[in-house]
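Report on the structure given below.
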Amino acid sequence: MICHILKDADAIGKAAASLFVSQTLRKPDSVLGFATGSSPIPTYQGMIDAYKAGIVDFAGVTTFNLDEYCGLAPDHDQGYRYFMMQNLFDHLNVPHDRIHVPNGLAADFDAEGVAYDAAIDAAGGIDLQILGIGHNGHIGFNEPCDVFPQITHKVTLTESTIEANKRFFASADEVPRYAVSMGIGTILKVRSIVLVATGKGKAEAVKKMIKDDPSPFCPASALQFHPDVTVLLDADAASLL
Ligand code: F6R
């Protein structure tokens with residue numbers, strides 16, 4: 001892992017956006033991997049700025065998102081497809097039929113997981129994936145557990161994730177209890193990864209990801225097995241390193 005400590009979320013967003021822009025300039029038919037949550041928003045703004053400035057064209061890319069809540073329709077305003085449309089895709093020229101988000105309404109999540117990973121493989125694999133990190137060390141919605149999940153699968157969200165994500169809902173009771181997420185194995189197959197984190201609340205998880213022995217109890221620590229991970233932090237998130 002290569003770790004950079006930058007001034008603030010804005011600087012991190014600009015740096016991560018430049019990785020997506022240069023990836024797309026080098027390979028216009030890149031397969032790009034996206035995340036939701038607060039952390040990637042400055043990155044998405046940087047990509048939108050570059051597109052609006054005419055620096056980059058996203059017409060050839062294919063995209064895959066990490067995860068989606070179970071039980072929320074694609075147009076639900078707390079769903080992750082809706083989040084991605086609002087925060088990124090409505091402002092770029094990615095063809096909508098090449099945007100992929102796991103189906104939170106799948107009748108059979110085992111089959112959905114197999115099909116999602118097969119679609120990633122059929123697209124040629126993900127070239128560059130952005131990740132955030134949960135306070136409990138989750139990436140995607142791979143929560144701490146006793147094995148690293150291999151493929152896209154249904155997850156039971158932990159209380160700490162429900163607590164962290166209730167800010168996007170009217171109350172904690174409305175946060176779905178299940179999600180469908182790329183597995184750790186799916187994420188480790190990505191060619192290049194950029195993980196972004198800011199704030200003291202992420203410091204413990206960042207320390208476990210980078211400094212501790214890899215363990216599924218800190219799912220992000222699996223990134224120690226990946227050869228091309230760039231971690232972009234502010235001083236608070238890096239404060240326990
Ligand atoms: C969301 C996702 C999650 C978030 C993580 C951090 O698609 O994959 O792993 O990246 O929960 O969320 P924020 O950025 O809101 O702190």
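The values are calculated or read from the model by the stated rules, or taken from the named source; none is laboratory data. These numbers were taken from a predicted model, which means no experiment stands behind them. Cβ: placed from backbone, ideal geometry, glycine included. Neighbour counts: every protein chain shown.
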Study note, to complete from the structure: Listed by first then second residue, the pairs whose first member lies in region 190-205 and is free of Cβ contacts under 8 Å to residues at least 40 places away in the same chain, whose partner is crowded, with 24+ Cβ neighbours inside 10 Å, with beta carbons under 8 Å and at least 6 positions apart or on separate chains, are G199/A237; K200/A237; A203/A237
Practice item. Test D90 against the criterion of being free of Cβ contacts under 8 Å to residues at least 24 places away in the same chain and loosely packed, with under 14 Cβ neighbours inside 10 Å, and give yes or no. Key: yes
Study note, to complete from the structure: Conditions (1) under 21 Å from Y44 (Cβ atoms); (2) within 15 Å of the ligand (Cβ to nearest atom) -> E159 fails only (1)
Review point. Is it the case that S22 is of a type in the set (S, T, N, Q), within 12 Å of the ligand (Cβ to nearest atom) and at pLDDT 95 or above?
Key: no
Check your understanding: How do the helices (runs of 4 or more DSSP H) wholly within region 84-195 filter down when requiring 3 or more residues that are of a type outside the set (S, T, N, Q) and under 14 Å from the mean Cα position of the chain (by Cα): which remain?
Key -> 184-188
Check your understanding: When both residues are 6+ apart or on different chains and their Cβ atoms are under 8 Å apart, which pairs have a first residue that lies in region 175-189 and is among the hydrophobic types (A, V, I, L, M, F, W, C) and at pLDDT below 95, and a second that is assigned to a loop (DSSP other than H, G, I, E, B) and surrounded by 18 or more Cβ atoms within 10 Å (Cβ to Cβ)?
Key -> V175/L157
Exercise for review: Check R81 against each of (1) farther than 17 Å from A16 by Cβ; (2) away from the ligand (no atom under 16 Å from the Cβ); (3) part of a helix (DSSP H, G or I) and name the one condition it does not meet.
Suggested key: (2)
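Matching residues to (1) surrounded by fewer than 13 Cβ atoms within 10 Å (Cβ to Cβ); (2) acidic (D, E); (3) within 29 Å of K52 (Cα to Cα); (4) in contact with a Ser or Thr (Cβ under 8 Å, 6 or more places away or on another chain):
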{"position": "A106", "(1), (2), (3), (4)": "no, no, no, no"}
{"position": "E112", "(1), (2), (3), (4)": "no, yes, no, yes"}
{"position": "Y116", "(1), (2), (3), (4)": "no, no, no, yes"}
{"position": "Q129", "(1), (2), (3), (4)": "no, no, yes, yes"}
{"position": "E143", "(1), (2), (3), (4)": "no, yes, no, yes"}
{"position": "V155", "(1), (2), (3), (4)": "no, no, no, yes"}
{"position": "T161", "(1), (2), (3), (4)": "no, no, no, no"}
{"position": "K166", "(1), (2), (3), (4)": "no, no, no, no"}
Exercise for review: Look through D49, D29 and report the one residue that is among the charged types (D, E, K, R), part of a loop (DSSP other than H, G, I, E, B) and away from the ligand (no atom under 16 Å from the Cβ).
Suggested key: D29
